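> Once you've had a glance at the structure underneath, I'll fire off some questions.
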Amino acid sequence: MLNVEYWWPQPIWFDTLTGLDFHGMSDRCLEMEKQSPGVIISNDGGWQSDPIDISGAPDFKNLYDAIMSKSQELSVSQGDHFQLHMNAAWFNINRGRDRNRPHVHPFAQISGVVYLKASRDSGSIEFFRPDCQKHYYNGYTVPWNHALSGASIRYQAEIGKIVMFPAWLEHGVTESNDDQARISLAFNLVAVSR
């Protein structure tokens with residue numbers, strides 16, 4: 001029998017958060033955008049907040065709790081040898097033609113995003129294959145996109161969707177084709193041994 005071992009897979013965890021006031025949180029983010037010029041890190045256009053501690057922020061405490069609950073599920077799925085703690089979080093607001101260039105998140109093990117406001121045309125988070133596979137297929141069109149052949153994979157922005165991934169996995173955010181705001185919370189988690 002042929003044996004197989006997976007040594008360098010890149011997991012991407014996702015789910016949909018429910019029972020949260022996404023409309024109220026989105027309105028609060030739009031207020032924050034008016035009060036601060038924000039920062040430019042990976043964003044081409046759009047607005048990115050300064051880092052924010054949402055663990056004690058009344059407007060976002062329930063969101064924090066939901067993220068930490070999902071991070072516990074992630075830990076359990078990996079053998080429950082570590083706890084994850086949020087060490088950074090920031091809001092992003094993108095409108096028509098705004099995007100985020102490909103990047104990684106240093107100083108974390110897991111990164112993630114939760115969409116507070118999104119439409120069908122507001123874009124996707126796109127992950128890029130971390131090996132040199134794209135060179136092997138140079139000039140050859142692969143008729144399918146899956147874990148063995150794909151150079152990238154996209155997850156559509158949807159209200160309540162949470163996506164978590166290894167912080168070193170290169171990713172970007174595609175252009176929004178909607179003039180309405182796409183609002184997300186991005187975050188980093190660090191692993192601490194149990």
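> Given a cut-off of under 8 Å on Cα pairs at least six residues apart, what relative contact order in percent is computed for region 13-193?
Reported relative contact order: 34 percent.
> Specify the angular offset, from 0 to 90 degrees and rounded to the nearest 10, of the alpha carbon long axis of helix 61-77 from the longest principal axis of the alpha carbons in the chain.
The angle comes out near 20 degrees.
> Using a simple charge model, +1 on the beta-carbon of Lys and Arg, -1 on the beta-carbon of Asp and Glu, nothing else, what dipole does the chain show about its Cα centre, in debye to the nearest 20?
Taking the Cα centre of the chain as origin, the dipole is about 280 debye.
> Report the FRET efficiency, 1/(1 + (r/R0)^6), for Asp21 and Ala151, where r is their Cβ-Cβ distance and R0 is 30 Å, rounded to 0.05.
Once the sixth-power term is evaluated, E becomes 0.20.
> Expressed in nm², what is the orientationally averaged projection area of the convex hull enclosing the Cα positions of the chain?
For the chain, the mean projected area of the Cα convex hull comes to 13.2 nm².
> Select from Ala57, Ala66, Ala157 the residue whose mean-square fluctuation is largest in a Gaussian network model of the chain (Cα-Cα springs shorter than 10 Å).
The residue that fluctuates most here is Ala57.
> Taking the alpha-carbon centroid of each part, what is the distance from region 1-68 to region 164-187 in angstrom?
9
> Output the 0 to 90 degree angle, nearest 10, between the alpha-carbon long axis of helix 22-35 and the longest principal axis computed from the alpha carbons of the chain.
So the helix axis and the longest Cα principal axis differ by about 70 degrees.
> State the answer as a single residue: which of Ile41, Ser75, Gly56 lies farthest towards the positive end of the charge dipole of the chain, with beta carbon charges of +1 for Lys and Arg and -1 for Asp and Glu, about the Cα centre.
Ile41
> For the ranges 103-110, 180-187, what's the packing order if you count other beta-carbon atoms within 10 Å of each residue, average per peptide, and put the highest first?
Top to bottom by mean Cβ count within 10 Å: 180-187, 103-110.
> Here's another thing I want to ask about it. From a point 7 Å beyond the Cα of Asn87 in the direction of its Cβ, which residues of region 163-187 have a backbone N at a distance under 14 Å?
Flagged as within label range: 167-168, 187.
Each reported figure results from applying straightforward, stated rules to the coordinates on display, with no laboratory input. Computed from a prediction, not measured in an experiment: that's the story for all the values here. Positions of Cβ are generated from backbone atoms using ideal geometry, with glycine treated the same way; all protein chains shown enter the neighbour counts.
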